[in-house]
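The values are calculated or read from the model by the stated rules, or taken from the named source; none is laboratory data. What you see is a predicted model, and the numbers here were worked out from it, not measured in a lab. Because the Cβ atoms are built from the backbone with ideal geometry, glycine has one as well, and the counts that use them run over all protein chains shown. Please note that ligands, DNA and RNA were not included when accessible areas were found on the heavy atoms of the full protein model with its side chains. Shrake-Rupley method; radii C 1.70, N 1.55, O 1.52, S 1.80 Å.
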Amino acid sequence: MAYRGSVRPYVNFNAKHDTEILHKAMKGMGTDEDAILMLLTARSNDQRQQIKAAYKKAYGKDLVSALKSELGGLFESLIVALMTPSVLYDATLLHNALKGAGTEDEVLIEILASRTGEQIKEITKVYKKEFGGKLEKDICGDTSGHYQKLLVILLQGSREEGVDEEKIEKDAKDLYAAGEGKFGTDEEKFITILGNRSAEHLRKVFAAYKKLSGSDIEDSIRGETTGNLENLLLAVVKCAGSIPNFFAERLYKSMRRAGTDDDTLMRIMVSRSEVDMLDIRGSFKKIYGQSLYTTIQEDTAGDYQKALLYLCGGND
């Protein structure tokens, strides 16, 4: 598999040397933001963790605290996100989405629909270690109904492997019978099939569904469900089809509305920079006819913008 991230491990990496550059950038009057952002966006997450350890050893203080005291606003939030180990970053996002009044459902939906089974298992472990609670219990305390059921299924991180040729037609018929083919909706069927089958299998089911019903599964979901359940089912369908397309659409929506949704923009740019940012850029250009880079340029400003553009990794 070719590497599809925009941020790669830095080749001549030297953690001690990097800590000296950062220390110098923060010393005395004023802060050299450029030095900080150019260095940290050009290192992999694993390398940033090594820099953090080397910084503590050399200067006896926590690098993230030092950065926070020098930076501010969205730029600070972005740099802190980059300094967080990726699984912990996901776990923290989920924790923040659940704590306090109200639930940030779009964070739950985005993470649980797009991460691999292995990643979800890791996130669950780290969540327990960091926040002392069980992620499943916290999600159940904050959600309800069929939406909750599907979240819990996704949280098991145990989708089936491969394609079961025997089941393709049956799954398509079951989905049709559960939705368009009847008065009312059998949500359980949607949840079981979309929550458990592999992405490859689901793609074939959706093709069979289209032949059978004449409409896309997405349109049927929109017609049959509402609210968070609809959003989660659609996210699962989109991620089964193409994860880069799913994120390209989310990025577009985060910027092309009145006001920028910086939380979503930052979250995706940070969490996908070492995974599939090159593919997301390709999807973005193909779907919207303009580059992700230009869109970020038009929608953001300052050091925050510069750092995002480095994470984007180039103009298509």
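I want to confirm something. Restricting to the range 85-133 and keeping residues that are over 18 Å from Gly227 (Cα atoms), hydroxyl-bearing (Ser, Thr, Tyr) and over 13 Å from the mean Cα position of the chain (by Cα), which single residue is surrounded by the most Cβ atoms within 10 Å (Cβ to Cβ)? Residue satisfying both the conditions and the ranking: Tyr127.
Residues in the range 186-205 that are charged (D, E, K, R), touching a helix residue (DSSP H, G or I) at 6+ places or on another chain (Cβ under 7 Å) and assigned to a helix (DSSP H, G or I): Glu187, Lys189, Arg203, Lys204. Number of residues in the range 1-25 that are among the charged types (D, E, K, R) and part of a helix (DSSP H, G or I): the value is 4.
The helices (runs of 4 or more DSSP H) falling completely within the range 206-296 that include 1 or more residues that are among the β-branched types (Val, Ile, Thr), over 30 Å from Lys182 (Cβ atoms) and in contact (Cβ under 8 Å) with a residue 40 or more places away in the chain map to 243-255, 262-272, 277-288.
Inside the range 26-61, residues that are in a helix (DSSP H, G or I) and in contact (Cβ under 8 Å) with a residue 12 or more places away in the chain make up a count of 22.
For the range 70-84, which positions are outside any loop (DSSP other than H, G, I, E, B) and either acidic (Asp, Glu) or open to solvent by less than 50 Å² (accessible area, probe 1.4 Å) (or both)? Hits for the range 70-84 are Glu70, Phe75, Glu76, Leu78, Ile79, Val80, Ala81, Leu82. Checking each residue in the range 240-267 for being basic (Lys, Arg), surrounded by fewer than 17 Cβ atoms within 10 Å (Cβ to Cβ) and over 13 Å from Ile296 (Cβ atoms) picks out Lys253, Arg257. Among the candidates Leu22, Leu37, the residue that is under 26 Å from the mean Cα position of the chain (by Cα) and surrounded by 20 or more Cβ atoms within 10 Å (Cβ to Cβ) is uniquely Leu37. Count of the range 297-316 residues, restricted to those that are assigned to a helix (DSSP H, G or I) and under 25 Å from Gln119 (Cβ atoms), is 5. Checking each residue in the range 153-173 for being over 19 Å from Ile221 (Cβ atoms) and open to solvent by less than 40 Å² (accessible area, probe 1.4 Å) picks out Leu155, Gly157, Gly162. For residues in the range 268-292 being farther than 16 Å from Gly5 by Cβ and among the hydroxyl-bearing types (Ser, Thr, Tyr), which is most open to solvent (accessible area, probe 1.4 Å)? My answer is Tyr288. Within this structure, Ala66 fails the test of being touching a residue at least 40 places away in the same chain (Cβ under 8 Å), touching a Phe, Trp or Tyr at 6+ places or on another chain (Cβ under 6 Å) and either farther than 30 Å from Asp138 by Cβ or crowded, with 20+ Cβ neighbours inside 10 Å (or both). Just checking, which of Glu165, Glu136 is over 26 Å from the mean Cα position of the chain (by Cα) and at negative phi? Of the residues listed, the single one that is over 26 Å from the mean Cα position of the chain (by Cα) and at negative phi is Glu165.
Any residue that is of a type outside the set (Ser, Thr, Tyr) and more than 30 Å from Ser198 (Cα to Cα) - is there at least one of those in the range 271-287? Looking through the range 271-287, none of the residues is of a type outside the set (Ser, Thr, Tyr) and more than 30 Å from Ser198 (Cα to Cα). What single numbered condition from (1) in a helix (DSSP H, G or I); (2) surrounded by fewer than 17 Cβ atoms within 10 Å (Cβ to Cβ); (3) hydrophobic (A, V, I, L, M, F, W, C) fails to hold for Phe183? Result: Phe183 fails condition (1) only.
Of the residues that make up the range 86-99, is at least one part of a loop (DSSP other than H, G, I, E, B) and not basic (Lys, Arg)? The answer is no, given that none of the residues of the range 86-99 is part of a loop (DSSP other than H, G, I, E, B) and not basic (Lys, Arg).
Here's the yes/no breakdown for (1) assigned by the TED database to the domain that holds Leu251; (2) aliphatic (A, V, I, L, M); (3) within 29 Å of Lys129 (Cβ to Cβ); (4) in contact with a Pro (Cβ under 9 Å, 6 or more places away or on another chain):
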position: Met26; (1), (2), (3), (4): no, yes, no, no
position: Asp34; (1), (2), (3), (4): no, no, no, no
position: Leu40; (1), (2), (3), (4): no, yes, yes, no
position: Gln47; (1), (2), (3), (4): no, no, yes, yes
position: Ile79; (1), (2), (3), (4): no, yes, yes, no
position: His95; (1), (2), (3), (4): no, no, yes, no
